[in-house]
1. Name the one entry in LEU208, LEU174 that is within 16 Å of ligand 1 (Cβ to nearest atom), under 23 Å from THR251 (Cα atoms) and in contact with a Gly (Cβ under 8 Å, 6 or more places away or on another chain).
2. Going by the conditions given, is GLN194 in a loop (DSSP other than H, G, I, E, B), away from ligand 2 (no atom under 16 Å from the Cβ), loosely packed, with under 13 Cβ neighbours inside 10 Å and among the polar types (S, T, N, Q)?
3. Quick check on the stretch 51-79: of everything there that is in a loop (DSSP other than H, G, I, E, B) and among the aliphatic types (A, V, I, L, M), which residue is nearest to ligand 1 (Cβ to nearest atom)?
4. Considering only residues that are of a type in the set (Gly, Ala, Ser) and away from ligand 1 (no atom under 16 Å from the Cβ), look in the stretch 81-104 and name the one that is farthest from PRO185 (Cα to Cα).
5. Could you run through the stretch 175-191 and say how many residues are in contact with a Cys (Cβ under 7 Å, 6 or more places away or on another chain) and open to solvent by 80 Å² or more (accessible area, probe 1.4 Å)?
6. Can you find even one residue in the stretch 198-207 that is open to solvent by less than 10 Å² (accessible area, probe 1.4 Å) and assigned to a loop (DSSP other than H, G, I, E, B)?
7. So which residues in the stretch 140-174 are within 13 Å of ligand 2 (Cβ to nearest atom) and either among the aromatic types (Phe, Trp, Tyr) or open to solvent by less than 40 Å² (accessible area, probe 1.4 Å) (or both), if there are any at all?
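The values are calculated or read from the model by the stated rules, or taken from the named source; none is laboratory data. What you are looking at is a predicted structure, and each value in this text was computed from that prediction instead of being measured. Note that each Cβ is placed from the backbone with ideal geometry, even for glycine, and that neighbours are counted across all protein chains shown. All accessible areas refer to the heavy atoms of the entire protein, side chains included, with ligands and DNA or RNA removed. Shrake-Rupley method; radii C 1.70, N 1.55, O 1.52, S 1.80 Å.
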Amino acid sequence: MPNAQSIIAIAVGYPNKLKDAPASKRGARRGIFARASWGIDYHSLLRNRLNLLEAFIKERVPEAECLSMVDTGVLSDRSVAERAGLGYSAKNGFVLNENLGTWTYLGEMLVNLPFEPDTPVVDSCYDCTICIDKCPTGALVGNGQLDSKKCISFLTQTKGMIADEYRYKIGNRLYGCDTCQQVCPKNKGINVLQDDIQLEPEILKPLLRPLLTISNKDFKSTYGHLAGSWRGKKPIQRNAILALAHFKDDTAIEDLKHVAINDVRIEIKATAYWAIGQIMGDAEKGFLMNRYEIESDELVKEEILKGLEVN
Ligand code: SF4
Ligand code: SF4
């Protein structure tokens with residue numbers, strides 16, 4: 001947009017507390033979607049806000065030209081928000097706003113009107129390093145820099161096998177990771193509600209076992225509106241299997257066996273065999289040895305062997 005004269009940056013707060021969240025208990029273990037994925041997809045939410053802003057501007061200046069952007073990669077949302085004084089780049093990698101904390105969606109709009117620039121805010125993490133110390137995988141390397149390959153948020157969105165060293169660290173996270181925001185003292189006491197963010201506890205903290213065999217149609221109708229579903233059901237199902245292993249949920253063994261034997265997707269099958277070994281150890285060695293003889297895929301066999309090594 002060659003005639004752009006200003007960038008308007010917006011930050012919209014989102015909730016981080018789930019009222020009446022169902023308990024995760026033995027026989028009914030649950031996973032969790034990251035908070036940025038709660039409610040309607042944030043792309044739509046931000047677009048709706050930016051559309052309102054655009055209408056507001058055009059009502060006053062009919063010849064105004066506006067170009068809204070949400071997560072397009074054309075501009076760095078974070079840098080723009082920082083320059084606009086919406087917050088500073090905190091050590092956990094998020095833009096930290098004084099009132100909203102780091103629980104914000106960021107968007108921006110180019111306009112052909114001159115606006116007075118706001119002043120950037122000063123970094124106030126000071127010598128705090130809580131988020132860096134509490135990150136389960138050591139993905140935060142300081143000064144807000146992130147080693148994305150180690151970050152659980154990134155790992156949960158991949159489609160392949162999760163490296164052994166991260167399998168337990170993912171815990172019960174189905175999509176994303178909120179740890180470095182949850183532990184931040186600056187986020188304490190902040191919980192912004194929005195009318196258009198519906199909190200659905202049964203969907204945002206779902207039972208794990210039904211996810212293992214959910215159909216494409218049911219996945220779409222139940223989870224399709226969440227930003228966390230953008231990679232489809234496979235990563236979520238793989239993460240659900242890892243979560244069952246994390247909980248050592250022996251009530252899920254029959255479901256895991258069903259997936260291991262019948263699912264045609266190699267990563268899902270292999271992860272299910274691994275989980276059976278982790279949960280049951282010696283008790284399912286016979287099953288695993290038998291399946292080792294039957295299965296032909298090398299990756300699957302490798303994960304069965306790992307299961308046979310567990311006592
Ligand atoms: S999202 Fe999770 S894994 Fe990623 S940097 Fe934050 S705490 Fe670490
Ligand atoms: S936990 Fe501490 S270092 Fe990390 S973002 Fe919050 S204030 Fe900054």
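1. On the way: LEU208 fails: within 16 Å of ligand 1 (Cβ to nearest atom).
None of the other options fit; the residue is LEU174.
2. Working: in a loop (DSSP other than H, G, I, E, B): yes; away from ligand 2 (no atom under 16 Å from the Cβ): yes; loosely packed, with under 13 Cβ neighbours inside 10 Å: no; among the polar types (S, T, N, Q): yes.
Answer is no for this residue.
3. Applying the first criterion (in a loop (DSSP other than H, G, I, E, B)) to the stretch 51-79 yields 61-65, 70-76.
Narrowing further to those that are among the aliphatic types (A, V, I, L, M): 61, 64, 70, 74-75.
Numbers: VAL61: 41, ALA64: 38, VAL70: 21, VAL74: 24, LEU75: 22 Å.
Among those residues, the one meeting the criterion is VAL70.
4. Step one: filter the stretch 81-104 for residues of a type in the set (Gly, Ala, Ser), giving 81, 84-85, 87, 89-90, 93, 101.
Right, trim to away from ligand 1 (no atom under 16 Å from the Cβ) and you get 81, 84-85, 87.
Numbers: ALA81: 21, ALA84: 23, GLY85: 20, GLY87: 15 Å.
Once the filter is applied, the top-ranked residue is ALA84.
5. 0
6. Checked against the condition, which is being open to solvent by less than 10 Å² (accessible area, probe 1.4 Å) and assigned to a loop (DSSP other than H, G, I, E, B), the stretch 198-207 yields at least one hit.
7. Within the stretch 140-174, the subset within 13 Å of ligand 2 (Cβ to nearest atom) is 140-146.
If the condition is that a residue be within 13 Å of ligand 2 (Cβ to nearest atom) and either among the aromatic types (Phe, Trp, Tyr) or open to solvent by less than 40 Å² (accessible area, probe 1.4 Å) (or both), then LEU140, GLY142, GLY144 are the ones that fit.
Yes/no per residue for (1) in a strand (DSSP E or B); (2) within 9 Å of ligand 2 (Cβ to nearest atom); (3) over 19 Å from the mean Cα position of the chain (by Cα); (4) surrounded by 14 or more Cβ atoms within 10 Å (Cβ to Cβ):
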| residue | (1), (2), (3), (4) |
| --- | --- |
| ALA81 | no, no, yes, yes |
| LEU106 | yes, no, no, yes |
| LEU113 | no, no, yes, yes |
| CYS131 | no, yes, no, yes |
